[in-house]
Amino acid sequence: SIAGRRVRIDNKLREERISVTPEARKYLRAAMATDYAWLKSRGIGAPARNPLDPRDFEFSGPTSPVNGEFSVVRSNVVCLVDKNAKTKRTIAKEPTGNVFLQLGVGGYFRQCLKRVGIDLDDQANNQCLASMAVPLNLATVDLKNASNTICREIVWLLFPEPWALLLDDLRSSHSLMPDKSTKRLEMFSSMGNGFTFELESLIFWALSTSLAESLHMSSAL
């Protein structure tokens, strides 16, 4: 809902009506309820010491934004961006509110993965192993359309139900196509979703670790 050169953090936080899907709105409302800096920037709150200053507000507790603060949308928007000189990459532009929540979940997954030695913020381990690939007989795999392989049911199968429910609520279940038709998504999250990379990394790590254990092989990093 914010296009082109207007895509800045201030415009996202102070968007006239924050775009969000129906399933994600309750989470966004809860997240905003105690984020007083965000609420103040949107002109929400009771007038405080200086009633003549429209930016001066105070709060006595959690404040629930009214429905008018949100623009409820049913889908993300599919578009094409340059992948290289010859081909395009399909991405989906998510609603502003959904992206905010998705990035929070993605950040939490990154913290969890670090506890088992997977640091998505640092490529030093990968670079070191790549430099020793030939003498150690190592290889890497570059999956084609990796995010497209994460279908809806695999998340419900692998994740605890509360987590699967949360992730499902924060994703966009439908996409608005370039021809203005709307399609129901079979993939769980597209490129553009704020937790796609972390989600697929977590699933691929879990599957590869489980396979190593079942074959009585070392899964040491």
If I go through the stretch 81-127 residue by residue, how many of them are in contact (Cβ under 8 Å) with a residue 60 or more places away in the chain, more than 25 Å from Asp169 (Cα to Cα) and touching a strand residue (DSSP E or B) at 6+ places or on another chain (Cβ under 6 Å)? 1
Check the stretch 129-144 and report whether any residue there is under 25 Å from Ala92 (Cα atoms) and open to solvent by less than 80 Å² (accessible area, probe 1.4 Å). no
Test: residue in the stretch 72-95 that is surrounded by 12 or more Cβ atoms within 10 Å (Cβ to Cβ), part of a helix (DSSP H, G or I) and modelled with pLDDT under 95: no
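Would it be correct to say that Leu120 is open to solvent by less than 50 Å² (accessible area, probe 1.4 Å), in contact with a helix residue (DSSP H, G or I) (Cβ under 6 Å, 6 or more places away or on another chain) and assigned to a loop (DSSP other than H, G, I, E, B)? Break it down stepwise before answering.
On the way: open to solvent by less than 50 Å² (accessible area, probe 1.4 Å): yes; in contact with a helix residue (DSSP H, G or I) (Cβ under 6 Å, 6 or more places away or on another chain): yes; assigned to a loop (DSSP other than H, G, I, E, B): yes.
Yes; evaluated as a whole, the condition is true for this residue.
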Would you point out the residue of the stretch 5-37, among those that are in a helix (DSSP H, G or I), in contact (Cβ under 8 Å) with a residue 24 or more places away in the chain and closer than 11 Å to Thr63 by Cα, that is least open to solvent (accessible area, probe 1.4 Å)? Met32
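The values are calculated or read from the model by the stated rules, or taken from the named source; none is laboratory data. Here the structure is a predicted model, which means the values were calculated and not measured. Virtual Cβ from ideal backbone geometry, glycine too; neighbours counted across all protein chains shown. Remember, those area values only see protein heavy atoms, side chains included, never the ligands or the DNA or RNA. Shrake-Rupley method; radii C 1.70, N 1.55, O 1.52, S 1.80 Å.
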